[in-house]
1. Provide Rg and Dmax in Å for the chain, with only Cα atoms included in the calculation.
2. Give me the 1.4 Å probe accessible area per residue for the range 9-48, excluding ligands and nucleic acids, in Å².
3. Taking the solvent-accessible surface of protein heavy atoms with a 1.4 Å probe, what is the per residue accessible area of the range 74-146 in Å²?
4. Filter the cross-link list K3/K131; K45/K188; K45/K105 down to pairs whose alpha-carbon distance in this structure exceeds 29 Å.
5. Quick one: ranking M120, M107, M166 by accessible area, 1.4 Å probe, largest first, what do you get?
6. Enter the angle in degrees (range 0 to 90, nearest 10) between the Cα long axis of helix 31-47 and the first principal axis of the Cα atoms of the chain, meaning the one along which they spread out most.
7. Answer rounded, prolate or oblate for the range 83-204, using the Cα gyration tensor with square roots of eigenvalues a ≥ b ≥ c: rounded when a/c is under 1.5, else prolate when a/b is larger than b/c, else oblate.
8. Give the average over all directions of the projected area of the C-alpha convex hull of the range 1-84, one decimal, in nm².
Amino acid sequence: MSKNIFLLRHGQTVFNAQQRLQGHCNSDLTDLGHQQASVIGLSLKNKLANKRQWTIYSSPLGRAIQTAEIVAQQIGIDPSEIVQDARLQEFCLGDWEKAYIPDLKIMQPRLCEQRDWYLMAPNSESYYAVKDRIEDFLADISVPDNVIVISHGLTGAVFRGVYLGMTYNEVFSQDLPQDAYFLLANDKISRIQCETHTADTVTI
């Protein structure tokens, strides 16, 4: 694949901090989330030789758009040029959207023993549905060769998995950082860590 892709997750949201699931619903970035997006934007600015060669694609969900706008401003790209693409949005988590993770653990004490436990939500979107839309995005010839993609925790993991041809278990063994991002290029994935003084969070 000839594309060069910087892939990042949105910054921390109010629901992340509250240990609530989001899926297709939304909550705003926290102050920390704004900081995470800003630090990643500055890091990207230092890595791009020519910002005019790069296009920002974002999930249309509010938390991703907020992050994309902050990143664009830091790089010096007009936020009005951000391309919203529904293929990049998070898994729909069905009946568990807005649910508190501690409450789910009380109801199902062994729930989190599986890394893919999110997908056990009644009426959730399937792994293969998300995989199909990421495959479609990566094969889309209308998507430029140099893109910055702002997506989500689980969808970002699937994105990396599709790119490298990972197995299902390998996909869900990955971490879901909000203080790091990834370069996908030349059939390799490189992690770029940013200092935002917070541990990775795994809520979606």
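The values are calculated or read from the model by the stated rules, or taken from the named source; none is laboratory data. Everything numeric in this text was worked out from a predicted model, so none of it was measured. No Cβ is skipped: glycine too gets one built from the backbone with ideal geometry, and neighbour counts run over all protein chains shown. Only protein heavy atoms, including side chains, enter the accessible area calculation; ligands, DNA and RNA are left aside. Shrake-Rupley method; radii C 1.70, N 1.55, O 1.52, S 1.80 Å.
1. Rg and Dmax of the chain, Cα atoms, are 16.1, 52 Å.
2. About 40 Å² of surface per residue is accessible.
3. Each residue of the range 74-146 exposes 56 Å² on average to a 1.4 Å probe.
4. K45/K105
5. Result of the area sort, largest leading: M107, M120, M166.
6. The helix 31-47 is inclined about 30 degrees to the chain.
7. Because a/c hits 1.5 or more and a/b exceeds b/c, the range 83-204 counts as prolate.
8. That works out to 5.9 nm².
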